[in-house]
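Below you'll find the structure, written out as structure tokens, and then a few comments.
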Amino acid sequence: MSIAADPFTSEAEIVTGPPEPTGRRPRVRGRWLPATYLTVPMLTLVVLFLVPMLILLLISLGMGVGRAHSLWSVDAYTTLLTDPLYRHVAITTVVIATSAMVVQLLVGVPLAYIMAFKAGRFEVPLLLGLVVLDELNPVVRVYAWRMLLGRNGIINGALEALGIIDQPIDALLFNQYAVIVVLSTGWITYTVIPLYAAMKAIDRNLFQAAADLGAGWWTIMRRVLLPLAAPGIFVAVLLVYIPLFTDFAAPTLVGGTSGYMLGQAVNDLILEQGDLASGAALSFVLLVCSGLVAALAFRLARINRLET
Amino acid sequence: MTSRSRIGDVLALTLLSVVMIVLVGPIILLAVFSFNDSSIIALPFQGFTWDWYQRALADPDVRDALRNSVVLAAVVAPLCVVLGTASAWGITRFRFRGRGAWSGLLGAPLIVPWLVIGVSGLMFFAYLRVQLSLLTVGAMHIAVTFPLVTALVASRLVRFERSQEEAAVDLGASQLQLMTRVVLPQLAPALAASLIFAFAWSFNNFEISFFNGGYQQTFPVWVYAVLRRSDNLPIVNAISTLVSALQVAAVYLLWLLIRWIGKKRGSADNLTNLVAGGLR
Amino acid sequence: MAIAAIVTTGVLVLSGCGGGSSSTTATDTSVAPAPAGSGGATTAPISGTLRTFTYDDTVDPKTLDPFKAKYPDLDVETATFDSDEEAAAKIRGGFSTDIIEVCLDEAKPLTDAGLLAPIDTGRVTAWDDLDPTFRDAPGVSVDGDVIMVPLDAGPQGIIYDKASFPNGVDSYQALFDPQYAGRVALDSNWLTAFAETALAMGITDPMHMSDEQVDQVKQKLLSSLGQFRSFARGDSDMANMFKSGEVIISDGGRGTAEQINNNGGDVAWVAPKEGALSWVCGFGISVDAQNVDAAYALINDYASPAAQGVIGNLGYVIMNPKGLAHVSKSHRDTADPAALAGAIAETQPDNGQLWRRGWQEVKAG
């Protein structure tokens, strides 16, 4: 499992911020103490997560399931990595997931800023709204988007009524843009809340101080807000960007014929093709990539932080 | 103030309204269409009916599935909070050999697709010849959900002023006293946020519940089983609306409770801290 | 260090388990035939627990409740799935049950893994009454063993919007007519999508295509991608697309068309001249079934005329013609197995892996 990057530590350390001044009390107060806290959780993880994943890893390397014989090889991996189909799907996935993440950050950063500093008594309703967003059944949610974006949907209807168009626009639905819209709105709770939390921790006086020193609006945003919100951005990327790769309800239902993503590929491999080895192998490839993304986000966030 | 900041406020308000319309609009649409007199969720609205709610509430399968999911989440969420808090404390407050590896292990369940975890859990239980039931579902839910709590609580812990903890230890407080008197009260908002998210993750999980479940279905498993026949979709929508409303009510009540406790204790925690606290 | 220890533990645990599982599967095989051998003993009291793993509508209270009433001492536990693929993956992963709903097009993963026990047709009361076309269909028996008792079926043809097609539609070729580009949907199912495309291309025996033919079908689909608005995931999805005007023609089952019409749509369902496809599903018995007597009791109940009548009223084609007497007038035509004469039973093709892989390429664009 060492292949999994270390998103958790990185996160912990990043939020710690600047190195602690030396001369503090040593942290280890007893050799047995960590064990008291960690034994049960770690045992849970080893038994219920690590061992099952190891079984799956062995399957991806050719271990037989049930009555099948074991044929040890890395074929599942080499096939996946050389298969043009998966390269194509991977590119589609990266484009869609990255766009969705960027859209969410572009919307999420101002939204979180407004919630943290401007919303006043609307702060709580806004937060509640975000929490509810996350509670909807993902399949049902997609049908709401169909009503909005469809050929005879609300947006087309409004545009036609206003005389802006005389033919419904087909391109609103069943393509990659629709997938990006639906994914972005589906995950935005997990983007905005960490951003908002990070911003909530910022001392408002900093903005005033910066303004007093003559910094313009843009400078304040870039040099004060963004660096201080960087940990939140990191957590958001961790909680959202990586799962975007494996989402499959939205791409299946609004992607039409051009929104096929890696999450669907894993599903199809395991469920439709019954090829557990390849499905597992693809998951482990994804796991390694996720680790790299997490490490990269960590680096970027820390660099931002050091700039301040 | 200056006209500049007034323009800023207007811009902010505009952005906020547009975003909230885009985000909340679909939810309201769905809520409206849960009263639509048609088994296909599509425009136009064909008339008002309570039918879907009546059918949903009359169906014993729905009741069983909802009960199973609620019980499951109600058991899983607090356990996850306990495990997640303990591991967050262990990871952030101690330096020990293998800390990095353990942290990596804690992060991994957050990034492996649930389908994959579900399938791996199924094979694991099959090898051990463990009968699948709500217990196996619960066990797997705990394994994938408590690391989320760890992440939420740990990021809060590393921001704490340690002076209080250190003072408590200097004054001879035991670990138990340190926990109950100093640490947990400060963590309360993060713990509440964790509880909400852990509950939601367990309640809404389909893949793990499907593969590790036996003959007692959870609500999402029921949903996917009946969605194959389209006349069930509005029933699902009605329940989904109902469940969302209940969840909002629950979160709101929790907020009132926390605020009430906070007032009694004189602390300034409010819902914003409650939801956001964990992620700071 | 820690990692090495974990890995070693994992491997140890794993190898221990692996050994355990292979020895138990061995006993399973030796046990499984025994109940079948003890045939005849159908009069033994049915009690204990019966576990079923089926589609949700198969254990509809309308069909299951009479069975439960007949055997009050029997406890029926039902688990349901949303697709055969999920079911196969779950059963292969080690899920244990007595009754498995087997559909002919999806039986192969189950039979390949040896998960279905041979059925003693002598214990199936209505066996001789079942419509011979389906009872003797390829796939019902594998290597001389009957693996499932067919109980219902459903034809898959074309659904079209009447207003857009005043002259009707009679061929799968309409799905590929460039005139309707962007207004066509296909059910997201590798088997039906490939078989229908093959029929549209003039291939007459789609269930037995050569590898080259499968490839041609794939190319045809890939070059017609602009034709399709979306690949529908299930009935709900398809009905939604017709209702909201996204598509005017698609493949699909009669039930979907009926539902669209019941909700203000105006569509027609036709069996194309190339031949309708039809799924055929029924019950199989798991090799690790623990209550074989109850499993046969359930099969006998579902194959009985009364229960077949209920299934017919749900809109499906029934397999026991004697059940027609119990079907309401409005559903009698659609329930009659004779109505499926000429339909092509959906069975798992030998080169199914190629089809699935091809379909994945089509979906990926």
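The values are calculated or read from the model by the stated rules, or taken from the named source; none is laboratory data. Predicted model, so just to flag it, every value in this text is computed and none were measured. Here the Cβ positions follow ideal geometry from the backbone for every residue, glycine too, while neighbour counts run over all protein chains shown.
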### Message
outside any strand (DSSP E or B), among the β-branched types (Val, Ile, Thr) and assigned by TED's automatic domain parsing to the domain that holds C:PHE176: which single residue out of C:ILE311, C:ILE299, C:ILE260 fits that description?
### Response
C:ILE260
### Task
Could you grab me the full set of residues in the stretch B:195-249 that are away from chain C (no Cβ under 11 Å), in contact with a Pro (Cβ under 8 Å, 6 or more places away or on another chain) and not in a helix (DSSP H, G or I)?
B:ASN205
### Message
Suppose the filter is within 17 Å of the chain's Cα centre (by Cα), closer than 22 Å to B:TYR215 by Cα, modelled with pLDDT of 85 or more and within 14 Å of another protein chain (Cβ to nearest Cβ); does C:LEU116 pass it?
### Response
yes
### Query
If you take the residues in the stretch B:108-141 that are of a type in the set (Val, Ile, Thr) and assigned to a helix (DSSP H, G or I), which one is farthest from the other protein chains (Cβ to nearest Cβ)?
B:VAL137
### Task
Among the residues of the stretch C:65-81, write down those that are assigned to a helix (DSSP H, G or I) and either within 14 Å of another protein chain (Cβ to nearest Cβ) or under 16 Å from B:GLN217 (Cβ atoms) (or both).
C:ASP65, C:LYS68
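Condition check ((1) surrounded by 24 or more Cβ atoms within 10 Å (Cβ to Cβ); (2) touching a residue at least 60 places away in the same chain (Cβ under 8 Å); (3) at positive phi) across all residues:
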site	(1), (2), (3)
C:ASN263	no, no, no
C:ASP266	no, yes, no
C:PHE283	yes, yes, no
C:VAL292	no, yes, no
### Query
Out of the residues in the stretch C:43-59 that are at the interface with another protein chain (Cβ under 10 Å from one of its Cβ atoms) and not in a helix (DSSP H, G or I), which is nearest to B:ASN232 (Cα to Cα)?
C:TYR55
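In this structure, is C:GLU101 in the same structural domain as C:ASP288 (by TED's automatic domain parsing), touching a helix residue (DSSP H, G or I) at 6+ places or on another chain (Cβ under 8 Å) and assigned to a helix (DSSP H, G or I)?
no
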## Note on the structure
Heads up, the helices (runs of 4 or more DSSP H) in the stretch A:85-176 (entirely inside) with at least 2 residues that are of a type outside the set (A, V, I, L, M, F, W, C) and facing another protein chain (nearest Cβ under 8 Å) are A:123-133, A:138-149
### Message
Can you find a residue that is under 23 Å from B:TYR224 (Cα atoms), under 21 Å from the mean Cα position of the chain (by Cα) and surrounded by fewer than 23 Cβ atoms within 10 Å (Cβ to Cβ) anywhere in the stretch C:44-51?
### Response
no
### Query
Counting just the residues of the stretch A:177-198 that are over 15 Å from the mean Cα position of the chain (by Cα) and facing another protein chain (nearest Cβ under 9 Å), which one comes out surrounded by the fewest Cβ atoms within 10 Å (Cβ to Cβ)?
A:ALA198
### Message
With the structure loaded, tell me whether B:SER87 is closer than 30 Å to A:ILE55 by Cβ, within 14 Å of chain C (Cβ to nearest Cβ), touching a residue at least 60 places away in the same chain (Cβ under 8 Å) and small (Gly, Ala, Ser) or whether it fails that test.
### Response
no
### Qualifying position, being in contact with a strand residue (DSSP E or B) (Cβ under 6 Å, 6 or more places away or on another chain) and either among the aromatic types (Phe, Trp, Tyr) or surrounded by fewer than 22 Cβ atoms within 10 Å (Cβ to Cβ) (or both), among C:ALA117, C:ALA113, C:ALA137
C:ALA137
#### Entry: Number of the condition not met by C:LYS62 [criteria: (1) outside any helix (DSSP H, G or I); (2) touching a residue at least 12 places away in the same chain (Cβ under 8 Å)]
(1)
### Message
Looking at C:ALA345, C:ALA339, C:ALA335, C:ALA306, can you tell me which residue is surrounded by fewer than 20 Cβ atoms within 10 Å (Cβ to Cβ), within 24 Å of C:GLU274 (Cα to Cα) and not β-branched (Val, Ile, Thr)?
### Response
C:ALA339
### Failed condition for B:PHE146, given (1) touching a Phe, Trp or Tyr at 6+ places or on another chain (Cβ under 9 Å); (2) of a type outside the set (A, V, I, L, M); (3) buried (at least 24 other Cβ atoms within 10 Å of the Cβ); (4) away from chain C (no Cβ under 12 Å)
(1)
### Query
Name the residues in the stretch C:141-161 that are in contact (Cβ under 8 Å) with a residue 40 or more places away in the chain and of a type outside the set (Gly, Ala, Ser), would you?
C:ILE147, C:MET148, C:VAL149, C:PRO150, C:LEU151, C:ASP152, C:PRO155, C:GLN156, C:ILE158, C:ILE159, C:TYR160, C:ASP161
### Query
Just checking, how many residues over the stretch C:314-328 are closer than 22 Å to C:ASP65 by Cβ and either touching a strand residue (DSSP E or B) at 6+ places or on another chain (Cβ under 8 Å) or not in a helix (DSSP H, G or I) (or both)?
9
### Test: residue in the stretch B:37-57 that is touching a helix residue (DSSP H, G or I) at 6+ places or on another chain (Cβ under 6 Å), surrounded by fewer than 24 Cβ atoms within 10 Å (Cβ to Cβ), more than 10 Å from chain C (Cβ to nearest Cβ) and without any contact (Cβ under 8 Å) to a residue 12 or more places away in the chain
no
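Having 1 or more residues that are buried (at least 17 other Cβ atoms within 10 Å of the Cβ), out of contact with any strand residue (DSSP E or B) (no Cβ under 7 Å at 6 or more places or on another chain) and modelled with pLDDT of 90 or more is the bar; report the helices (runs of 4 or more DSSP H) wholly within the stretch C:189-254 that clear it.
C:190-200, C:211-223
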### Qualifying positions in the stretch C:329-365 - modelled with pLDDT under 85, within 24 Å of C:SER188 (Cα to Cα) and hydrophobic (A, V, I, L, M, F, W, C)
C:LEU340
### Message
Going residue by residue through the stretch A:234-245, is there one that turns out to be hydrophobic (A, V, I, L, M, F, W, C) and without any contact (Cβ under 8 Å) to a residue 12 or more places away in the chain?
### Response
no
